[in-house]
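Here is the structure we will look at.
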4 protein chains.
Amino acid sequence: MRFLSDNAAAAHPAVLDAIAASNRLDSPYDGDEWSLRLDAAFSDLFETQVRALWATTGTAANCLALAALCPPYGGIICHRDAHIEVDEAGAPGFFTGGAKLILVDGPGAKLAPDAVSAAIGRIHKDVHQVQPRALSITNATEYGLVYNAAETAALGDLAKAQGLRLYLDGARFANAIVSSGATPAELSWRAGVEAMSFGFVKNGGLNAEAIILFDMDLADEILVRRKRAGHLLSKGRMLAAQILALLEGDLWLANARAANAAAQALATAAAGRLVYPVEANELFLKASADEAAALRAQGAEFYDWGAGEIRLVTSWDSDPAAVGKLAAAIAGL
Amino acid sequence: MRFLSDNAAAAHPAVLDAIAASNRLDSPYDGDEWSLRLDAAFSDLFETQVRALWATTGTAANCLALAALCPPYGGIICHRDAHIEVDEAGAPGFFTGGAKLILVDGPGAKLAPDAVSAAIGRIHKDVHQVQPRALSITNATEYGLVYNAAETAALGDLAKAQGLRLYLDGARFANAIVSSGATPAELSWRAGVEAMSFGFVKNGGLNAEAIILFDMDLADEILVRRKRAGHLLSKGRMLAAQILALLEGDLWLANARAANAAAQALATAAAGRLVYPVEANELFLKASADEAAALRAQGAEFYDWGAGEIRLVTSWDSDPAAVGKLAAAIAGL
Amino acid sequence: MRFLSDNAAAAHPAVLDAIAASNRLDSPYDGDEWSLRLDAAFSDLFETQVRALWATTGTAANCLALAALCPPYGGIICHRDAHIEVDEAGAPGFFTGGAKLILVDGPGAKLAPDAVSAAIGRIHKDVHQVQPRALSITNATEYGLVYNAAETAALGDLAKAQGLRLYLDGARFANAIVSSGATPAELSWRAGVEAMSFGFVKNGGLNAEAIILFDMDLADEILVRRKRAGHLLSKGRMLAAQILALLEGDLWLANARAANAAAQALATAAAGRLVYPVEANELFLKASADEAAALRAQGAEFYDWGAGEIRLVTSWDSDPAAVGKLAAAIAGL
Amino acid sequence: MRFLSDNAAAAHPAVLDAIAASNRLDSPYDGDEWSLRLDAAFSDLFETQVRALWATTGTAANCLALAALCPPYGGIICHRDAHIEVDEAGAPGFFTGGAKLILVDGPGAKLAPDAVSAAIGRIHKDVHQVQPRALSITNATEYGLVYNAAETAALGDLAKAQGLRLYLDGARFANAIVSSGATPAELSWRAGVEAMSFGFVKNGGLNAEAIILFDMDLADEILVRRKRAGHLLSKGRMLAAQILALLEGDLWLANARAANAAAQALATAAAGRLVYPVEANELFLKASADEAAALRAQGAEFYDWGAGEIRLVTSWDSDPAAVGKLAAAIAGL
C-alpha cells in the first residue's frame, strides 16, 4: 500500500524487454536505430513535425530546454509550487547560467493568465529588473490539476503577446491527456507550446524522458547542451528503446489511465476531504494527525503535506486490491 | 569486426539481469537497497573508507567531481588530449562555472611531473592569471597508456607540494588495474588521488559509472551538484545494481582482462606499426590510406586518427574470431 | 528641487580634489599608495582588523562578496524588496553562478528574525530544495528604515545558529550610523556581520564603494573574483583616494547627517502621510495623483511609487532652500 | 624613467577637467547628457552608425561584448598570448558562462588566417568538441604589432566564411590607427569587425573604455549584461565626459602619436636587440641580466620578459628627456 510517489514504481515489463532487445553493439550516443526513430514516432503522435531527444531525468529535460529558451539574464515565469522552483535544487539557475524564476501564485499550482499578466505588469521595463523571457507551465500540475486545451491556449496567447517562449513540463503529460480528453497536439503546439518534456519515468519507464521540440531550430543548441551537461549517454539506445516501447500500442496511455483510475477510486472514497479536485494521479486530503496515523496503521504509506494534509500518489501499477483497501480505510475514518 | 570504440558495446548479461532483479518499488533516488550498498562495496575494493555515488556518464562523473575540487576562478591542469579537454563539449567549464583547463603536452596523453611543474612555473602568481587548483589525470590514458603506482604517486606528490587537488579520470581504470598489476588502492588514494571516476560503461556496464570520493567531505557538495545537474535518477537502483553486478566475483576485472588480451593479440600482429606501446585496450597504428582501405575491405571497422594513423579499440566482448581475423589482416598488410 | 535619488548627486568637492591629487603615475591596480591605506583606515573606523577593497558600484560590491559567501548551489535569504533582488538585474545569480535568492517579507524592506526563521523552516533538508547558506540585510533598508545594534545582533545570532553567513548591504550605511547613533562596529562585526559593502556613491563619492571583510580570509578569493569580473581598475588610486577623502575628518558622517536632516525636515511637513517612519534619507508619502501633480507643478521632481504613493530621496547636497520649499508645498496640500 | 606599462600613467589634464565639468546632478546611469552623446561621437569617428557604451575596464569591455557574441557552449578563437587568455583571470569564462578559448600561435601575438584556419580544421564537427563561434583579435597586439587594413580584412573574410563573429580588442586601438595610417573604419567594420573595445585608459583616460557595436542589435543584450555585471555606474557621466574629452580635437590621436614616437626613439637606439618590429608603443628587447641591471642602475624601470628579454612600454606622457636618456643608455650597452 505504497502511495508515496509514482517516481519510484517498477518499470513496465515491456520496457525491460525493450532494453534487453536493444542490448547489442550499435552506433554510440544517439546514432543507433532506436534513437533515430524518435523524431518520427513523436511527429506522428503530435501530428506535426517535431524533434525528439531522450534525457534521463525530468530535471535535465526541463532545464536543457529552458536554457535554450531563456538567456542567462532573463526570467522564467512559473508557479511558486512548480517543480523547477521547488524540487530541482536550483537546476534552472545552473543550466541557464543564472536566469531568475519569477514566481506566480494560484490554487493547485495552476497558473491563470490574469495572475501571469499581473506579475509581468509589476516588472519595470528597464535594465535594473530581470525581464521575463519564458513562461513555464506544468500539466498535470504538481497538485494534480489539469490544464485543458482552452486553458493552455489562453496561456499560449498571453505568452505570444508578451514575447515569452512557452515551455511545458510534461512529467505527467500522459495523465493530463487521459484526463482532459484532448490530443497531444491540443495540449502543446496548437496551444502555443514551443518545447516540452514528455515524462515516462513516472508512467512505466525506467529512466527515460523525452524533450519534444516544436520549434525544431532549438535542437542544435540543445544537442550540444545535452552533451555538455553530461547527459549524452553512449548507449542511448537503451533510452530510446524504452520510450518506443511505451509509445507502442499506446501503452503510455494505458498506464496513465490505470493511474488516474486508481486516483479516482480513492477520490470517491475521500470526497469530503479533497483539497483540490482530483484530475490526474495525485490526491491531497485533509486528514488530522490521528487520521493519518490510522491509515498508516492499516499499512498505507504516504507523505504528510503540511499541517493537516496528506498526499497520495497512484501509479500505473497501483495494485487494485491495495487501492480498494485504502479507499475503504479512508471512507472509514 | 567492429573496433570503433568500447563505449557502445553490449552490456554484460549479468548487468541486464541485475537491472531486471532491481525492477521493483523501492525508495527513490539513492535511498534504495542497492545504492546503499555502494559505499561498502567500494570501501572493500579500495581497502579504505570511501563514499561512492553513481552517475550515468563519465562526463558527469568527471565534472561533478571537478566542480567540487576547483573553484570557478581556478584552473585544472590536464593533458592536451584529455577527455575533459577534447571530448566533453566544454563540460568542465559548465559544471565548474568557468574554470580553465591548463593544458600540458606529453606523448600518449600521459602527464610527466616535469611537464606539469613547468606549466605551473609559467603562471604568474597574481590575480591576473588563472591559478591552478587541481590536477586531473586519466588512467588508462586516452591513448591507451597506463600510469603505474609509482608514476601516479609522483604526480600525487607534486600535486600535494603545489597545493593542487588530484583527480583521476578512471573511465578505463579497470584496464589500467589489469595492465599494471597494481591494486585499486595503489593507483588511487595511496598515490594521493582525492576523487575519481570509476568507469563501467566501457567495461560491460549499460549506463552506470561511479564517483569515488577518498576525501569523503566532498560528498555533501557533490550530492547536491548531482541533483542540480539533473543527474539524480529517481530509479537509481538500476544504476547501483549494474555496478554491484560488475563488482561481484570481479567481473569487472575479467571483462578488462578480455579487452586487454584482445588488444595484445592485435598488438603482436601490428608490432612494427605501433605509435604507442599497447598497455590497455586501445591501439594506434601507422597505416596508409591504402592499408586502411584494405583492412576495411576485409570487414574491419575503425576510426582514422589523423593522417596515416588508425585507432583500434577492443572491448570485453571482442569476438576472438574477429580479433584473430583482424590480426591476420594486419600482419598481412 | 530634485528628489529622485541620491545616486546621481554631484560628488563632494573634496572628492574631486582627491582624484586630481592622485593623478600621477603610481603602481597599477591596487598597489598604489592610496589603495594600500584602505585596510588601516577602515580598521580604525571599525575598531578591529579588516580588509577593505574598493569597487565601482554597489552591485559589484554586494555580489563579489556574496559569491564568496554562498556557493552556486546555495541560497541567500533576503527581503523581497532588497536591492539584490529587485534592482541588480540578476547580478547575484551571475556572480554566484546561479545561487537562489530566498525571499522574505516584512514591512519597510526590513527583516525580522521570526520571518527569517519561518522561511528557513519551510525548506526541506534534502538535495531537492536549495539550502540557505547566507543571509543578506540592508541598512538603511530600501525603504529608509534602520536596524539598530540590537536588531542587527538578533539577526546575527540567528544566522550563526542556522549556519548562515551574514552579509550587510551598506549602500546607505552612513545614514544608518547617523540615524541609529551606533558605532560602525556595533552595526557590523559585533553583531555578527562577516562582510559588507560600505557605500560612498550615494553620500558624496563619485564612483567608489568599499567592500569590508571582517572575515579576512575572504579577501584572497574576492580579489581574484574582482579581477575576473572586470572590476580591477588599473588606476585604482582614483577610487581609493575618494574613499580616503570621505573618511577624512568624518566627511562621510557630515554628508549623511545633512541628508538625514533634510529628510526629517520633509517628514515633519508630511507627518500624516508617511508610509514608513523616516529614519534615513528616504520618504514614502501617501499622495493622490492630483497631489503629486500639484507638487510637480511647484518644481519638485520625484518618483511615483505604486498607486497613491510617492518617494522622495534627499542627499548630502540637498539644497536647504529647495527642501524648505518642498516641505511647505507638502504641508500646503 | 618608468617604462613598466601605459596602464598606470596619469590621466590627461583635459580628462580631469571634463570630469570636474560633469560633476553636477544629472540623470543617473547612462541617461545624462554626456552619455547620450557617445553614439553620435563614435558614429562620426567610424563613418557609420554605431552604438557606443562606456565601461570602466578593458576586461569588462572585452568580456561583455564576447558574451553577446559567443554562447556559453561555444568557443572563441584567439591568440595564445591574447589579453583575454593571459591577463583577465578567466573573465571570458565568467562572462560567457563557460565558453572556451581556442588558442592559436603566431609570432608577436598576431593571428594569421592560415593558422586560424588550421585550428578550425582540427576541430571535429560534432557535439563532443566545442565549436568555434567567435574570433577575437587585438590591435595593436600584446607585443606591439599592428594589423593593417588588409590584414584585418583577411581575418574578417575568414570569420565570415566560417560563421564566426569577429571581435576586436582595441585596448591600444589608437596606437594601431596612428601606426597603420588607416582610418578607424578600415581597421574595424569595413574589415568585418562586429564589435570592439576602444581603449582610453592606456591613452590618457582615467578609467573609461568604450564598447563599440557595429552590429547595433547587440546593444540591448549588452546593456543588460553591463548592469548585471555591476558595471552600470550611477554617475556614468564621469565616464562619458572623459571619453568625449579625448575624442575632442583628436586628443586621442595626439596622445597615441606621442607614445608611438617615444617607442620609435627607443627602437632606433635598440636596433639590433628588437625581438619584434616596433609598430606601436611596446618594445621587447634582447638584454642579458647584466644589461638589464645596467639599465636599471641608470634609473630605468621595466619588466623582465622571460629569460634574456625585457619589455619597455611608452605612454602619452613619456617624458622626452627620460626617453632620450634611456635611448642613450640602451645604445651604450
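The values are calculated or read from the model by the stated rules, or taken from the named source; none is laboratory data. Since the structure is predicted, the reported quantities are computational estimates derived from the model, not experimental observations. When we count neighbours, we look across all protein chains shown, and the Cβ atoms used for this are built from the backbone with ideal geometry, even at glycine. Surface accessibility is based on the protein's heavy atoms, side chains included, excluding ligands, DNA and RNA. Shrake-Rupley method; radii C 1.70, N 1.55, O 1.52, S 1.80 Å.
Brief remarks on what is shown
- Enumeration of residues in the stretch A:178-200 that are of a type in the set (Val, Ile, Thr) and open to solvent by 10 Å² or more (accessible area, probe 1.4 Å): A:VAL178, A:THR183
- For B:ALA40: the one exception among (1) in a strand (DSSP E or B); (2) free of Cβ contacts under 8 Å to residues at least 12 places away in the same chain; (3) not β-branched (Val, Ile, Thr): (1)
Residues checked against (1) hydroxyl-bearing (Ser, Thr, Tyr); (2) within 21 Å of the chain's Cα centre (by Cα):
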position	(1), (2)
D:LEU233	no, no
D:ALA245	no, yes
D:ALA259	no, yes
D:VAL278	no, yes
D:SER315	yes, yes
D:ALA321	no, no
D:LEU333	no, no
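- Entry remark, the stretch B:207-232: residues being within 19 Å of B:GLY192 (Cα to Cα) and aliphatic (A, V, I, L, M) number 7 in total.
- Selection from the stretch B:18-34 of residues that are within 12 Å of chain A (Cβ to nearest Cβ) and of a type outside the set (D, E, K, R): B:ALA18, B:ILE19, B:ALA20, B:ALA21, B:SER22, B:ASN23, B:LEU25, B:SER27, B:PRO28, B:TYR29, B:GLY31
- Hits in the stretch B:290-314 - residues which are open to solvent by less than 10 Å² (accessible area, probe 1.4 Å) and either in contact with a Pro (Cβ under 6 Å, 6 or more places away or on another chain) or of a type outside the set (A, V, I, L, M, F, W, C) (or both): B:THR314
- Selection from the stretch D:166-184 of residues that are under 23 Å from D:THR59 (Cα atoms) and part of a loop (DSSP other than H, G, I, E, B): D:ALA171, D:ARG172, D:PRO184
- Whenever a residue of the stretch D:213-230 is within 15 Å of D:ARG165 (Cα to Cα), its partners that are at pLDDT 95 or above and surrounded by fewer than 20 Cβ atoms within 10 Å (Cβ to Cβ), lying with C-beta atoms within less than 6 angstrom and at least six residues away or across chains, give the pairs D:LEU213/D:ALA219.
- Pick from the stretch D:258-284, criterion open to solvent by 10 Å² or more (accessible area, probe 1.4 Å) and closer than 27 Å to C:LEU232 by Cα, ranking: farthest from the other protein chains (Cβ to nearest Cβ): D:ASN260
- Here A:VAL130 passes the criteria (1) closer than 30 Å to B:LEU233 by Cβ; (2) among the hydrophobic types (A, V, I, L, M, F, W, C); (3) at the interface with chain C (Cβ under 9 Å from one of its Cβ atoms) except the one numbered (1).
- Scope the stretch C:42-68; condition closer than 18 Å to C:ARG165 by Cβ and open to solvent by 10 Å² or more (accessible area, probe 1.4 Å); matching residues: C:THR48, C:ARG51, C:ALA68
- Residue match in the stretch C:146-153 (condition: in contact with a strand residue (DSSP E or B) (Cβ under 8 Å, 6 or more places away or on another chain), in a helix (DSSP H, G or I) and either more than 13 Å from every other protein chain (Cβ to nearest Cβ) or crowded, with 24+ Cβ neighbours inside 10 Å (or both)): yes
- Scanning the stretch C:202-226 for residues that are open to solvent by 10 Å² or more (accessible area, probe 1.4 Å) and at the interface with chain D (Cβ under 9 Å from one of its Cβ atoms) yields C:LYS202, C:VAL224, C:ARG225.
- Meets criteria (closer than 21 Å to D:MET196 by Cβ and within 14 Å of chain C (Cβ to nearest Cβ)) for D:ILE243: no
- Selection count, the stretch C:115-139, where residues are of a type in the set (S, T, N, Q) and free of Cβ contacts under 8 Å to residues at least 24 places away in the same chain: 1
- Filter result (over 14 Å from B:ASP6 (Cα atoms) and open to solvent by 20 Å² or more (accessible area, probe 1.4 Å)) within the stretch B:245-257: B:LEU247, B:GLU248, B:GLY249, B:ASP250, B:LEU251, B:LEU253, B:ALA254
- Subset of the stretch C:76-105 (residues that are more than 10 Å from chain A (Cβ to nearest Cβ), touching a residue at least 60 places away in the same chain (Cβ under 8 Å) and not hydrophobic (A, V, I, L, M, F, W, C)): C:HIS79, C:ASP81
- Residues in the stretch A:47-61 that are in contact with a strand residue (DSSP E or B) (Cβ under 7 Å, 6 or more places away or on another chain) and part of a helix (DSSP H, G or I): 2 in all.
- For first residues located in the stretch C:49-72 and within 11 Å of chain D (Cβ to nearest Cβ), partners that are assigned to a loop (DSSP other than H, G, I, E, B) and open to solvent by 10 Å² or more (accessible area, probe 1.4 Å) and lie 6+ apart or on another chain with Cβ distances below 6 Å form the pairs C:GLY58/C:ALA171.
- Scan of the stretch A:154-177 for residues that are over 9 Å from the mean Cα position of the chain (by Cα), buried (at least 23 other Cβ atoms within 10 Å of the Cβ) and basic (Lys, Arg), ordered by number: A:ARG165
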